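Participant: Structure in structure tokens, see below.
Derivation of every value follows stated rules applied to the coordinates shown; laboratory data play no part. Since we're looking at a predicted model, the values are computed, not measured. Cβ: placed from backbone, ideal geometry, glycine included. Neighbour counts: every protein chain shown.
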Amino acid sequence: MQLLLSGFYFFYFAIVGIYVIFLPKVLAMVAYNGVQIGIIFATAPLVRFLVPFAFIKGFKLSRHTFNFALLLITISSFLFYLTLHNFYALIFTNILFGIGLSLLLPYAEVMALSAITKERYGRVRLFGSIGFIVVALVLVKFLSSANIAIFYLISMSVMTALFGYFLAKHETEESEDVAIGEDGEINIFSHWSLWVGLTLMQVSFGPFYNFFTLYETDHGISMEMTIYLWSFGVIMEIFMLFFQGRLLQKNALMILQIATFVTTLRWFLLYLFPHSLGISFFTQSMHAISFALFHSAAISYLFTLYKKRKLAQQFFLGITYGLGGFLGAIYSGYVYQYLSAYLFLSSAFIALMAFFFVRREANKLS
């Protein structure tokens, strides 16, 4: 089970690496502008936001649903090749791809947290970070055309589907009433400040996920060095995932406050020193806290807060990465197009708001 989880995470996040690092550059290569890139990248997280509401109506995140999602990402990855040069067709492909991705990770996260301890979770999840960095370092050497990036996307999707299929065969259906959480249903409004804070955190990542590659190359940093920046951030992420076990035994809400504040500083430094390679590497080192530790603390906290664990993880990824990712992609597209110098200043302000909302949730419970 642990081997299959590791393999699944490796190839799933290799897909993510291709998607967030190279696809914006690919779209720019085939003459899409900043607003169009923002709109295209907004469609997948919008779908991710809408998908969880289907589960309220009785849709089940079952093994069959998981296998359907594996098939969907495989088919849609091939469609990227056919629709790349058509704006509206590419949006449709991205929607299908977003549906598939939105259904895969919540199911896998619950399998991981149920099968292994949260202290060991990071050491399995770090294989996702390794997949992200490996595909980045390999693809940057061969990215001479848009089709090469699409070929890698197809390959990683097929491998994810293979590992996911065999992983699902080993999963036993979890009883939803074994958790010790306080809420039988997913009552977002009873913890609204937490959900707002988690969502704003992902909105602040909009410029990073969608335009970091373009932002760095626009300020004189080479494409190859930009890939090293991405890779360095993921190495820091791997380091945190490996050693975070003891930290996750602490107050999760305190960890979330620290992570949102560090992220605020991270984006502000990118705004102040856009041409500094040294500052860029320093801000990438903060990825260990602003992504790895934040993500692990968030899913661990929600895992104990709600009884319906799979649904809680689905809502976490749907609302925060979905709605947050949608808003982040849309707003960052316009800021990059018309006020590019203030791209990461806007991120810093949004991350600071996330900090205050998470702090409000912690104060309410203290």
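Participant: As a footprinting exposure proxy, order Val203, Val16 by other Cβ within 10 Å, with the fewest listed first.
Facilitator: Numbers: Val203 25, Val16 18.
If I rank by nearby Cβ atoms, fewest first, I get Val16, Val203.
Participant: Of Ala297, Ala348, Thr283, which is farthest towards the positive pole of segment 244-366's charge dipole, taken about the Cα centre with +1 and -1 on the beta-carbons of Lys, Arg and Asp, Glu respectively?
Facilitator: Ala297
Participant: Separate question: Mind telling me which of Thr74, Thr283, Thr304 comes out most flexible in a GNM of the chain, alpha-carbon contacts under 10 Å?
Facilitator: Of the options given, Thr304 has the highest mean-square fluctuation.
Participant: Under 10 Å, Cα contacts only: if you run a Gaussian network model on the chain, which one of Leu343, Leu50, Leu153 comes out with the highest mean-square fluctuation?
Facilitator: Of Leu343, Leu50, Leu153, the most mobile in the Gaussian network model is Leu50.
Participant: If you don't mind, another one. Quick one: among Leu198, Leu323, Leu71, which has the greatest mean-square fluctuation in a GNM of the chain with alpha-carbon springs under 10 angstrom?
Facilitator: Leu71
Participant: Over the chain, calculate the relative contact order: mean separation of alpha carbon pairs under 8 Å at least 6 apart, over the residue count, as a percent.
Facilitator: The value is 32 percent.
Participant: With just the Cα atoms defining each centre, how far is segment 301-328 from segment 1-74? Give it in Å.
Facilitator: Result: 15 Å between the Cα centres.
Participant: In whole Hz, with x marking every Gly and Pro, tabulate ³J(HN,Hα) for segment 135-151 from phi via Karplus 6.51 cos²θ - 1.76 cosθ + 1.60, θ = phi - 60°.
Facilitator: 5, 5, 5, 7, 5, 4, 7, 10, 7, 9, 8, 5, 5, 5, 4, 5, 4
Participant: Moving on. Among Ser296, Ser204, Ser285, Ser144, which comes first, then next, by fewest other beta-carbon atoms within 10 Å?
Facilitator: Ser144, Ser285, Ser296, Ser204
Participant: From the phi angles alone, apply the Karplus equation (6.51, -1.76, 1.60; θ = phi - 60°) to segment 122-131 and give each ³J(HN,Hα) in whole Hz, x where the residue is Gly or Pro.
Facilitator: Residue by residue, segment 122-131 yields x, 6, 8, 5, 5, 5, x, 5, 5, x Hz.
Participant: Same structure again: Could you work out the relative contact order of segment 194-305, using alpha carbon pairs under 8 angstrom and six or more residues apart, expressed as a whole percent?
Facilitator: This gives 36 percent for segment 194-305.
Participant: If neighbour count is taken as other Cβ atoms inside 10 Å, put Phe8, Phe49, Phe232 in order from fewest to most.
Facilitator: Lowest to highest Cβ neighbour count: Phe232, Phe49, Phe8.
Participant: Only one of the listed values, (1) 2.22; (2) 1.04; (3) 0.92, was derived from the coordinates as Cα Rg over 2.2 N^0.38 Å; which label is it?
Facilitator: Working out Cα Rg over 2.2 N^0.38 Å from the coordinates points to (3).
Participant: Can you compute the helix-only [θ] at 222 nm over the chain? Use -39500 (n - 2.57) per DSSP H run of at least 4 residues, normalise by all residues, nearest 500 deg cm²/dmol.
Facilitator: -25500 deg cm²/dmol
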